[in-house]
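Below is one structure; the comments refer to it alone.
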Amino acid sequence: MTKKTQDQVEVFEKTLTGSKDKKYVLRLYVAGATPRSTEAIVNIKKICEEYLKGRYELEVIDIYQQPVLAKGEQIIAAPTLVKKLPLPLRRFIGSMYDVDRILVGLDLKPKE
Amino acid sequence: MEKRRTSQELEAELKETKLRLEEAEETLRAIQNNEVDALIVDGPQGQQVFTLQGAEQPYRILMETMSEGTLTVAVDGTILYCNQRFAEMLKNSLNGIIGSSFQEIMPSGEWQVFKALLAECGKKGCRGEYHLGTFEGGQVPVHISASPLRLQGQEGFCIVATDLAKQLELEQQLRQSQKMEAIGTLAGGIAHDFNNILAAIIGFGEMVEEDLPPDSPSIPRIQRVLSAASRGTELVRQILAFSRKAELTRTPLSLAPLVKEAIQLLRASLPTTIEIKLSMKAARDTILASPSEVQQILMNLITNAFFAMKERGGILGINITNVDFKPDSPVFDADIEPGEYVQIVVTDTGSGMQPDVMKRIFEPFFTTKGVGEGTGMGLPVVYGIVKSLHGTITVESEPGAGSTFRVFLPMTRTDEKLESSEAQVTPKGSEHILFVDDEALLTEWGQAVLERLGYSVTALTDSTEALNLFSSDPSRFDLVIADQTMPKLTGLQLARKLLTIRNNIPIILCTGHSDSVSPEKAKAAGIKEFLIKPITRKELAESIHRALDKKTKK
């Protein structure tokens, strides 16, 4: 095993160990039943159930029905996923179809 | 002076800036890739949402304003969208529902059935009745109608959920009222026959009493017969009371003496471990009711309170106060009219009730008492009477902390003549009366009683024969007394025909129990007096007197 590969394995293991017990608090802002919003709900739900089962709280907020909440979190487009916990706070925009990108953003997968 | 930042702080700030930059790049990329379908823009009119598909707006407004719950669900049961109404149904917030799974809000047994139903849901959709769990832990019955929906290449469903709670409650009320009606009809039928029997016993009994010499040892015996028959009469009226079909004579009466009388009557049977606290603070307590109705309300409530304190004793409180429901006051019962009410509060410090028991206490035949201790008719009777008096009844109770029943009865004007039990002289007369009743025993009694009162009587058992006789010489009779329930022509039909022949003939209509005629209906037909069987000699004499007086006044 080369040093580079070994380093990458270590990072990966560290990431996994570090995020193993952490509780995730996520907030998904959607725009009613628009196509991308529904896609985002399905995708993020799938990710949560697969990678964060039993240790996540997902709140889906409709920006039409609660625009005030969206303003508070500086949401400029929908769908947007906000990772409130664990810190740091992160935002992901789009329909969340790129699972790898979301996993990296959620610190559930090391950045390549 | 600006504080010098540590390298750690600077490192964190740099990291944060990098992240924000990444986010900005991602936002641009997402918009370019058509991954975003709404933008939120802060404008002069506040925050506005611009969807990239404005066409959905009308449908959205439609869904938001629907009085049914609407939602879209992914094929795995994830709720993708729901309207405010659906959130209200589940007593939850929109955030609490969108994103959760249908499986989480449906009892597991029903979810399996529903899932199978969705799997077979064709183009025409599918429907069924299920339960959904509310946020507070309760359940709401719903009718669900689901239609398949294609969501961006994925299968899903559009669901309309109708809250059935109100409908089920109405159905329950309907069943209840049908049950009450059936019992009422049964009781009414029996009451009619019983009243005829009792009429004969009372009628002939009174005659025997009158014929006996004043020192006869049989006088107290026949008085017992009459008293027992009167109790029987009262019992029949009570049976009819709960179905609100009792034909009782309501007069303005004061509550205070009746309350005292009820307490006196029950005091002897209550153990000394039960203390009675009576408080009568009502400045005015006159209501329009019959004494037996008020007695039934009080006796049933007091007996129940006593039963709840049977084991450990306690305090039985009876309070009479005045309450004024103003038109704008939040009246708890939609049926109650604003106005002045007399409030009767019966409290006990007994065992109290569980919520499931409390829900059913006004149902006929529902009882928590053992066999032989209660019939389950006490509170339904109270409920029936209170409603028929245009009042309302409420109950508050907690297990172990006693119960409070509040009865609100509308106050009546006190200038109306108060019920008086003063003995009056039985009026007599000499007019010619036509007496018609298909019961031979009662025509015999009617003839004898009226003749004793000085009248000349023609008594018949056939209503058509009575009509023919009257038609042949309309001026021959001064008054007609007719029974309502007769074959061929009923009392009311006969009366109408007689009045077309001679419009000023005074008519008295008697009934044992009949749904087809009421005092109002009789009055509208031109009938002077309306009597409920069994009729005492005195009642009959007074009624004749009034009917003839009215005629002479004309």
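No value in this document is a laboratory result; all are computed from the given coordinates. Worth saying up front: this structure is predicted, and the values here are computed from it rather than measured. All Cβ positions, even for glycine, are placed from backbone atoms using ideal geometry, and neighbour counts span all protein chains on display.
Where q = 0.15, 0.17, 0.23 Å⁻¹, what log10 of I(q)/I(0) comes from the Debye formula for segment B:432-553, counting one point per Cα?
Treating every Cα as an identical point scatterer, log10 I(q)/I(0) equals -0.58, -0.77, -1.62.
Give me the dipole magnitude in Debye, nearest 20, for segment B:432-553 about the Cα centre, with unit charges on the beta carbon: positive for Lys and Arg, negative for Asp and Glu.
Details: 16 positive and 16 negative charges, 113 e Å.
My answer is approximately 540 debye.
Report, in listed order, any pair from A:Lys22/A:Lys53; B:Lys281/B:Lys359; B:Lys166/B:Lys326; B:Lys387/B:Lys523 with a Cα-Cα distance greater than 20 Å. Could you put the intermediate results ahead of the total?
On the way: A:Lys22/A:Lys53 11 Å; B:Lys281/B:Lys359 30 Å; B:Lys166/B:Lys326 28 Å; B:Lys387/B:Lys523 24 Å.
Violating the 20 Å Cα-Cα cut-off are B:Lys281/B:Lys359; B:Lys166/B:Lys326; B:Lys387/B:Lys523.
Mind giving me the FRET efficiency for B:Leu499 and B:Thr464? R0 is 22 Å, r the Cβ-Cβ distance, nearest 0.05 is fine. Write down the numbers at each step before the final one.
Numbers: r = 16 Å, r/R0 = 0.74.
Rounded to the nearest 0.05, the efficiency is 0.85.
I'd like the FRET efficiency for B:Ala525 and B:His545, computed as 1/(1 + (r/R0)^6) with the beta carbon distance as r and R0 of 25 Å, rounded to 0.05. It would help to have the intermediate numbers written out before the result.
Working: r = 21 Å, r/R0 = 0.85.
That pair, B:Ala525 with B:His545, gives E of 0.75.
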